[in-house]
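Worksheet: the structure to be examined is printed underneath.
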Amino acid sequence: MSDSQRDVHASVVNAVGTIGLATLASRILGYVRDMVVARAFGAGPVTDAFFVAFRIPNLLRRLLAEGALSTAIIPVFTGYIARESPAVVARMLRAVAGVGTLTLCAVSALGVLAAPWVVAVMAPGWAADPPLLALAAQLTRVMFPYILLVGLAALAAGMLNAHDRFFTAALGPAVLNVGMIGAVLLLASRVDPPILSLALGVLIGGVGQFLVQLPEVKRLGLPLCPSGEWSHPAVRTIARRLAPAAFGLAAVQITVVVNTLLASLLPAGSVSYLYYADRIMEFPLGVFGVALATAALPSMAAQAARGDHRALGDTLNFSLRLAGFIAVPAAVGLMTLGSPIVALLFQRGHFGPDDAAATTLALMGYAVGLPAFSASRIAAQTFYALGDTRTPVLLGFVSVAANVVLALLLMWPLEHAGLALASSLSSYVNLLGLGWQLRARLGPIGGRRMAVSLARTLGASAVLVLWCLWLVPVWDGSLRAAGWTAAAIGGGALVYGGAALTLRAPELTALLGMVRRRGQTLPGAPGG
């Protein structure tokens, strides 16, 4: 491996640490938020209405604002920064900001107007309950302007990421959680219905997500004032990539929508069980899986712009091996320790033991797909770095179709847990398709190295399984203290790390190197 490629690996790992740190803060605050929500509202029709309403703008956030927009703009921004003068870059950024703001305003306005029909499509099982549909529509109307706010935040994040500044951009979701927590605590007793406080918290958090990034954007001298240059070449390039990128990154999110629709046909609370389980599963996925894909994209885009496919394949190989090294043991931990984790996080107030047991079953179904969720995001980013948005779209169609078929087969015998399992299995369909096409595009991408790495990871994970199986009988349902759960997870991490060290896993060495460098500098910070 060349010194330059070693530098790329180190840069990716350091950026993962930076993004992961900010995402960790967000996830912890997210769990606090969910604890507050579970305690205040429990799991039932009211929370089902909010989660359906929130899922609609949240899905658009992930597809149009954060997911696809970031994926489409970062390679373009990176190319301009590498080739053009600061004045040309500034003009391009203002043009993109102008078109983006206008588009997001239109989407927000359309969502507010069409809220009742959108909710009816999302939850057809509620047709016999007009008050519930009306509540969900009201919440949807309140929250749809969040699309504009988070879209502006995503645009600012794209500017920062293209300049290798990751921390502030990744901190935005933490600000959202603070807004929602504060709204429930301060407004729930002052608004009618009380669940409306959560919707207002989403808007407050959206404003904060944008504002928190402005100081660093200003320090970099990046323009904040949008222009009306609709025909700028960068705008046309991003527009061509945006819609395909949205669907290519949407495979996971569309399966969430399908599951929500089907869950509305199941017993009350099913939508909430899936939501709470998904929130837990997103902790390792966001802290490491999504962080790794975000960190790798600028390096991949630069390698693709140079036409260095060998280096691009090596970065892909390294990122996938690192993803598997974390995602596989995380999946094992969620499947074996799910019950005490769910009880610790949510079992209080209106959220009882039956709700916790149902959520645990959904969590087990989601955990099966955690490695594929992480790896698919990285594989899709590789295509976007290459400027190919068509292939992920086609494979996204295949994945969504597989999810629908599997969900219909599994939802009746396994109810909501079957829907979670269908999402996981369809994610493997997506990953296999992406891997097959990447090998055809880039040539050999180190399949043998990945197989050897996966074998080591599975071996170390087997030792982790033994630890968890020994530990779980100690938990009798009353031990819900944070200390016990932290000790179980921390002990499992040490057991897995020790097994990986014995097996001489190079991924462990890379991660330990990141930890050693944390005290030196943060990528994206001054001197980083």
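The values are calculated or read from the model by the stated rules, or taken from the named source; none is laboratory data. Since the model is a prediction, treat every value here as computed from it, not as a measurement. Here the Cβ positions follow ideal geometry from the backbone for every residue, glycine too, while neighbour counts run over all protein chains shown. Surface areas here come from the heavy atoms of the whole protein model, side chains and all, with no ligands, DNA or RNA. Shrake-Rupley method; radii C 1.70, N 1.55, O 1.52, S 1.80 Å.
Taken along the Cα-to-beta-carbon direction at a fixed 7 Å, the label points for Val191 and Ala305 span 4.3 nm. Between the listed residues Gly44, Leu471, Pro298, the Cα displaced farthest toward the positive end of the dipole of the chain, a dipole computed from Cβ unit charges relative to the Cα centre, is found at Pro298.
Please identify the DSSP H helices in the chain that span no less than 27 Å along the helix axis (Cα) and have a mean Kyte-Doolittle hydropathy of -0.5 or more.
3-41, 86-113, 309-346, 390-414, 416-442, 447-471, 482-502
Hull volume per residue, based on the alpha-carbon atoms of the chain and their convex hull, is 142 Å³. Spin-label pair Val405-Thr502: with each label point 7 Å from Cα along the Cα-Cβ axis, the two points sit 4.2 nm from one another.
For the chain, carbon and sulfur atoms together expose 69% of the accessible surface, with a 1.4 angstrom probe and every protein chain in place. You can think of it this way: the chain between Ile28 and Ala451 has 148.9 nm of extra reach, that is 0.36 nm per residue less the Cα-Cα gap.
Can you pull the percent of Cα pairs in the range 173-220 with separation above 12 Å? Counting every Cα pair in the range 173-220, those more than 12 Å apart make up 58 percent. Computed from label points 7 Å out along Cα-Cβ, the spacing between Asp354 and Ala109 is 4.8 nm. Net charge dipole, the chain: roughly 1220 debye, given to the nearest 20, about the Cα centre with Cβ charges of +1 for Lys and Arg and -1 for Asp and Glu. Rolling a 1.4 Å probe over the heavy atoms of the protein chains gives the chain an accessible area of 40 Å² per residue.
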